[in-house]
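Participant: Here it is, the structure in full.
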Amino acid sequence: MSMKEMLSRVPSILMLGAVYVAYVLIGGVVFWKLEGDLGQKDIGLLLLKKKSLLTRYTCLNQEGLEAVAQVVQDASKAGLSLKGNYTADGFWKFTSSAVFAATVVTTIGYGNMSPSSTAAQIFCVFFAVFGIPLNMVVLNRVGKYMLAIERNISDFLEVRTGRRRCTRFFVHLVSYLGGAVLFFVMPMTVFQLHEGWTFSQAIYYCFITLSTIGFGDFVADSNPDKVYPEWYSVLMASWIFFGLAWLSLLINHSIDILERLNSHFKQRWGGQKQQGEAGGADVDNPDTQVEEEDEIKKPPITQ
């Protein structure tokens, strides 16, 4: 690519970069306003509780309180409950370990449990190095089959109705709503029953998990005070796998819409639309060349 072509890309890149930075900063301001004052109140309340605890239990000094806090923290990391005198298996059961392996290769990484031994940490590195690409390939193939089924249904209905745009819009809408019910509404009901979460907490957990953000503030099948059925972990792993494929397909559609909007604004602001109508395609535009190359490199949906 020549220097002239590189310079011609700068305005578009700067515009996208400015929008991206502005979006992140606006999000930071909103989170700061929503959580900042509440966080200060929580800190003040915790300090009052600490003072009340030391006043009530006079035999417990600052050093003893720190020791108790360390025990609570270690028990939380191990998945043990300090309520009552019974014992539990902790996080590292077979089912929980399998779900943890799934969160590694899917890059969710809740953070509520992590390997502590040197051998497990080294194995986790190599397991992720080969597992993450494998997971992406499998999810990509599953997403292609989902898209192929959607297109076959759309083509079938187009032949019957003779209306292409309306049919495709209807099929897309039904697939999106069906996926939302299957991967958000139904799991949300299950989490409300087995985890005791509220509506907002369950829908928040569903999206944070399937988008692979994985904060770890809410994690299903990890409460040591609850007894989960045997099928719960299998259902969790299946929901994560197919939900990731569906949400990644939805995100790809959103990316395609944003790319089309970007091209539309470039044509209107840069006068490329009129130039294209007068003199044909703009072969000298590097953005257009990159988009065309991307279309060529995309693999076919069906074979």
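Participant: Only one of these is within 34 Å of the chain's Cα centre (by Cα), within 30 Å of F130 (Cα to Cα), assigned to a helix (DSSP H, G or I) and at pLDDT 65 or above: A18, A102, A22, A69. Name it.
Facilitator: None of the other options fit; the residue is A102.
Participant: With respect to the numbered conditions (1) closer than 16 Å to V104 by Cα; (2) without any contact (Cβ under 8 Å) to a residue 24 or more places away in the chain; (3) surrounded by 17 or more Cβ atoms within 10 Å (Cβ to Cβ); (4) not hydrophobic (A, V, I, L, M, F, W, C), which one is the sole condition not fulfilled by N135?
Facilitator: Only one criterion in (1) closer than 16 Å to V104 by Cα; (2) without any contact (Cβ under 8 Å) to a residue 24 or more places away in the chain; (3) surrounded by 17 or more Cβ atoms within 10 Å (Cβ to Cβ); (4) not hydrophobic (A, V, I, L, M, F, W, C) is unmet by N135, namely (2).
Participant: Given Y205, Y228, which one is under 17 Å from Y110 (Cβ atoms) and either open to solvent by 30 Å² or more (accessible area, probe 1.4 Å) or of a type in the set (G, A, S) (or both)?
Facilitator: Y228
Participant: Quick one: count up the residues across segment 151-176 that are within 30 Å of G109 (Cβ to Cβ) and either of a type in the set (A, V, I, L, M) or open to solvent by less than 40 Å² (accessible area, probe 1.4 Å) (or both).
Facilitator: Going through segment 151-176 one residue at a time, the tally reaches 1.
Participant: Tell me which of these G179 doesn't satisfy, since it passes every other one: (1) open to solvent by 80 Å² or more (accessible area, probe 1.4 Å); (2) touching a residue at least 60 places away in the same chain (Cβ under 8 Å); (3) of a type outside the set (A, V, I, L, M).
Facilitator: All conditions are met except number (1).
Participant: Among the residues of segment 76-95, is any at pLDDT below 75, part of a helix (DSSP H, G or I) and in contact with a Gly (Cβ under 9 Å, 6 or more places away or on another chain)?
Facilitator: Looking for residues that are at pLDDT below 75, part of a helix (DSSP H, G or I) and in contact with a Gly (Cβ under 9 Å, 6 or more places away or on another chain), one finds at least one in segment 76-95, hence yes.
Participant: Can you list residue pairs whose Cβ atoms sit under 6 Å apart, with the first residue in segment 138-157 being in contact (Cβ under 8 Å) with a residue 60 or more places away in the chain and the second being outside any helix (DSSP H, G or I)? Count only pairs 6 or more apart in sequence or on different chains.
Facilitator: Hits for this filter: K144/I301; L147/I301; A148/I301; A148/T302.
Participant: Run down A202, A119 and say which single residue is small (G, A, S) and touching a residue at least 12 places away in the same chain (Cβ under 8 Å).
Facilitator: Testing whether each residue is small (G, A, S) and touching a residue at least 12 places away in the same chain (Cβ under 8 Å) leaves just A202.
Participant: Determine whether segment 35-43 contains at least one residue that is under 30 Å from Y228 (Cβ atoms), open to solvent by less than 60 Å² (accessible area, probe 1.4 Å), at pLDDT below 65 and of a type in the set (G, A, S).
Facilitator: No, segment 35-43 contains no residue that is under 30 Å from Y228 (Cβ atoms), open to solvent by less than 60 Å² (accessible area, probe 1.4 Å), at pLDDT below 65 and of a type in the set (G, A, S).
Participant: Next question, about the same structure. Quick check on my filter: what residues within segment 224-268 are without any contact (Cβ under 8 Å) to a residue 60 or more places away in the chain and assigned to a loop (DSSP other than H, G, I, E, B)?
Facilitator: Listed by number, the residues that qualify are K226, V227, Y228, P229.
The values are calculated or read from the model by the stated rules, or taken from the named source; none is laboratory data. Computed from a predicted structure; not experimentally measured. Backbone-built Cβ (ideal geometry, glycine too); neighbour counts: all protein chains shown. Accessible surface areas use protein heavy atoms only, side chains included; no ligands, DNA or RNA. Shrake-Rupley method; radii C 1.70, N 1.55, O 1.52, S 1.80 Å.
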